[in-house]
Amino acid sequence: MFYRAFALGLFAITGQVLLLRALISNLNGNDLFIGIALFSWLLAVVTGAYIGGKGRNSSYTCKLFIIGVVITPIIITLIKLSPAWVTSVAGEYIPFTSAVIISVLAMLPIGLISGWLFPLISHEEVRTRKSIVYVYLWEGVGAFVGGLVIVCISGSLLSILQISILMGFATLLFLQLTNPTYRP
């Protein structure tokens, strides 16, 4: 039953890394933007975990994966278009307040879904007599594999948007292949 935790790690690291890369490259970001984006990511994960812990309805797990996979490329596209919305001249630096708002809003949806999925997956695993440590382990393995894949194919091979589509497809395909009865 490790596949859900592995897929969560794969999904979460893909979303986090690709959104951070898109924000930094499109908003002319620096360390301050990374800190603000990571803060909003952690805030979203905590909020999502709280929501997921309250409901514990595991029927949402597959639906949340699908929603997350679909909206990740949409958010990346919106990040790429955002400089045109907040500046009047192409190439102009984005005002700090606008960049902060864009950074926070961009990280919230995927962070919220990642946080929401963790208690749902943990509850399923613990119910089948597995330890919570098992969930953390396989989520970490999924994040490691996802990070390694992103490093190997980013830059010269594929764009951020193409990687998000590819990794989202890989996550859903992995879930389907490891458990054919796992449907929305």
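The values are calculated or read from the model by the stated rules, or taken from the named source; none is laboratory data. Note that this is a predicted model, so its numbers are computed, not measured. Here the Cβ positions follow ideal geometry from the backbone for every residue, glycine too, while neighbour counts run over all protein chains shown. For accessibility, only protein heavy atoms count, side chains too; no ligands or nucleic acids. Shrake-Rupley method; radii C 1.70, N 1.55, O 1.52, S 1.80 Å.
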>> Treating only the Cβ of Lys, Arg, Asp and Glu as charged (+1, +1, -1, -1), what charge dipole size does the chain show about its Cα centre? Round to the nearest 20 debye.
In response: 600 debye
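Only helical DSSP H runs with n ≥ 4 go in: add -39500 (n - 2.57) per run for the chain, normalise by residue count and round the 222 nm mean residue ellipticity to 500 deg cm²/dmol. Working shown, then result.
Details: 6 runs with 148 residues, N = 184.
That comes out to -28500 deg cm²/dmol.
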> Roughly how many Å² of Ile51 are accessible to a 1.4 Å probe, to the nearest 10?
Replying inline: 70 Å²
> Along the charge dipole of the chain, Cβ charges K/R +1 and D/E -1, which of Leu173, Ile34, Val104 sits furthest on the positive end?
Replying inline: Leu173
> In percent, how large is the relative contact order of the stretch 1-92, given Cα pairs closer than 8 Å and 6 or more residues apart?
Replying inline: 42 percent
>> Quick check for me: using +1 on Lys/Arg Cβ and -1 on Asp/Glu Cβ, what's the dipole size of the stretch 63-131 about its Cα centre, in debye to the nearest 20?
In response: 320 debye
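D for the stretch 80-175, whole µm²/s, Stokes-Einstein with Kirkwood Rh over alpha-carbon pairs at 37 °C and 0.692 mPa s: what number? Present the calculation step by step, with values, prior to reporting the outcome.
Working: Rh = 16.5 Å.
Estimated diffusion coefficient is 199 µm²/s.
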> What area, in nm² and to one decimal, does the C-alpha convex hull of the chain cast on average over all directions?
Replying inline: 10.5 nm²
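Per the 1.4 Å probe, what fraction of the accessible area of the stretch 1-114, in percent, lies on carbon and sulfur atoms?
Values: 3860 of 5390 Å².
The computed percentage sits at 72.
Just to confirm, what accessible area per residue do you get for the chain at 1.4 Å probe, in whole Å²? If you can, show how the numbers build up before the last one.
Working: 9400 Å² over 184 residues.
With all protein chains present, the chain gives 51 Å² per residue.
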> Hey, quick one: spin label on Ile51, modelled 7 Å out along Cα-Cβ, who in the stretch 77-120 has an amide N within reach, i.e. under 15 Å?
Replying inline: 105-120
> Between the stretch 70-96 and the stretch 21-42, what is the C-alpha centre distance in whole Å?
Replying inline: 13 Å
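If you filter the stretch 58-144 for chymotrypsin sites (Phe, Trp or Tyr not before Pro), then keep DSSP loop positions with at most 14 other Cβ within 10 Å, what is left? List each step's numbers first, then the result.
Numbers: sites: Tyr60, Phe65, Trp85, Tyr93, Phe96, Trp116, Tyr134, Tyr136, Trp138, Phe144; in loops: Tyr93.
Filter output for the stretch 58-144: Tyr93.
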